[in-house]
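So the structure is just underneath, and the comments pick up after that.
Readers should treat all values here as calculations from the given coordinates under stated rules, not as data from a laboratory. The structure displayed is predicted, hence computed values, not measured ones. All Cβ positions, even for glycine, are placed from backbone atoms using ideal geometry, and neighbour counts span all protein chains on display.
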Amino acid sequence: MLDVKILTIFPGIFDSFITFGNPAQAIEKHLMGFEAVDLRQFASDRHRTTDDYPYGGGRGMIMKPEPIVKGIRALKAGVDKPRVILTTPQARLFDQSKAEELSQLSSMIIVCGRYEGIDERVRCYVDEEISVGDYVLSGGETAAMVIIDAVSRLVPGVMGSDSHIGGDSFYDGLLEYPQYTRPRVFEGMSVPWVLLEGHHEKIRTWRLKQSLARTFYRRPDLLETKILNEREAEVLGEIRTEMNAGNMEKNHECA
Ligand code: SAM
């Protein structure tokens, strides 16, 4: 069971998020606990102030350290090994292997910033900082949703069968092969014949080649770290040869 707590000034943002998809399933199956906690309850003044002007001048407001640190301490109390995560655009990028790692935890607390960010000293009270991409969001809540969504589908038991995630993009360091459903022909574009024949070995081979080709053309950086097995290396060799012959990635012509 993974217990997730979010420290935010806008807990209501999560109301509908947790009623859909994998987060909802994880909560329903009691495999994930979830609580969005209002940071303002840890502010000590009458107005429940959580932000203040930046020292040294400059634009916007900065989130004060006291309510956040008080909140972190309150959420950590009595919890066994909670991982405290600070959302920030200034950190290592979130990826599938980080999602897998987090899905093994029993407890995580995600701190959401707003305005121009958080007082630097808060960094001394967190275990890790995570960015969801090289862009700036208006708040950490959407970043937290990205993290929870990706993590919740990896919590054992949430997806029903582990085979669902087995072929997903990034699971094995590659992008997933292209997928099709009915109808067989849509506006003149046909489903690749191999998928209709029912020959499982041929389908497996086609999918492996598509997966490798897709990664090779769209995300070659992934292949720099992927350790290929013999079959994968052989198929990648074929793809390279085809590329040199001028055949680029193509499944069907768009109508
Ligand atoms: N001024 C800050 C900077 O340039 O680094 C950005 C502050 S941003 C407007 C407010 C909050 O949104 C941040 O404190 C962080 O919690 C969250 N945030 C923004 N972009 C993010 C990203 N790419 N990944 C994770 N959190 C992000």
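Summary of computed values
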{"quantity": "Loop-resident sites, the stretch 1-85, for chymotrypsin sites (Phe, Trp or Tyr not before Pro), counting at most 12 other Cβ within 10 Å (DSSP)", "calculated": "F20, Y55"}
{"quantity": "Unit charges at the beta carbon, dipole of the stretch 165-245: most positive-side option, N229, F170, L196", "calculated": "L196"}
{"quantity": "In range of the label at K70: residues from the stretch 121-138 whose backbone nitrogen is under 20 Å from the point 7 Å along Cα→Cβ", "calculated": "121-126"}
{"quantity": "With at most 12 other Cβ atoms within 10 Å, longest stretch of the chain clear of loop trypsin sites (Lys or Arg not before Pro) (DSSP)", "calculated": "93-183"}
{"quantity": "Label point distance in nm, H30-T142, each placed 7 Å from Cα along Cα→Cβ", "calculated": "3.6"}
{"quantity": "Within the chain, helix-based [θ] at 222 nm, where runs of 4 or more DSSP H residues each add -39,500 (n - 2.57), nearest 500", "calculated": "-10000 deg cm²/dmol"}
{"quantity": "Per residue convex hull volume, Cα atoms of the stretch 165-245, in Å³", "calculated": "122"}
{"quantity": "Rounded FRET efficiency, nearest 0.05, which uses the C-beta distance separating Q90 from A255 and R0 of 41 Å", "calculated": "0.35"}
{"quantity": "Kirkwood hydrodynamic radius of the stretch 91-189, from inverse mean 1/r over distinct Cα pairs, in Å", "calculated": "16.1"}
{"quantity": "FRET efficiency for V37 and R184, using Cβ-Cβ distance with R0 set to 45 Å, rounded to 0.05", "calculated": "0.35"}
{"quantity": "Under the Karplus curve 6.51 cos²θ - 1.76 cosθ + 1.60, θ = phi - 60°, whole-Hz ³J(HN,Hα) for the stretch 69-86, x wherever Gly or Pro sits", "calculated": "5, 4, x, 4, 4, 5, 6, 7, 4, x, 9, 7, 6, x, 9, 9, 10, 9"}
{"quantity": "12 Å beta-carbon shell around E234, net charge (K/R +1, D/E -1)", "calculated": "0"}
{"quantity": "D_trans [Stokes-Einstein, Kirkwood Rh over alpha-carbon pairs] for the stretch 1-142, 10 °C, 1.306 mPa s, µm² s⁻¹", "calculated": "100"}
{"quantity": "Neighbour-count order for M145, M108, M243, fewest beta carbons within 10 angstrom listed first", "calculated": "M243, M145, M108"}
{"quantity": "Extension gain (nm, one decimal) between R83 and E120, 0.36 nm per residue minus Cα-Cα", "calculated": "11.4 nm"}
{"quantity": "Across K5/K64; K29/K202; K29/K81; K98/K209; K29/K209, pairs whose alpha-carbon gap is larger than 30 Å", "calculated": "K29/K202; K29/K209"}
{"quantity": "Filtered GluC sites (Glu not before Pro), the stretch 142-214: DSSP coil and at most 15 other beta carbons within 10 Å", "calculated": "E187, E197"}
{"quantity": "On Cα atoms only, tilt of 140-152 relative to the major axis of the chain in degrees", "calculated": "50"}
{"quantity": "Coarse-grained scattering of the chain at q = 0.14, 0.15, 0.18 Å⁻¹, given as base-10 log I(q)/I(0) from a Debye sum over alpha-carbon atoms", "calculated": "-1.00, -1.07, -1.33"}
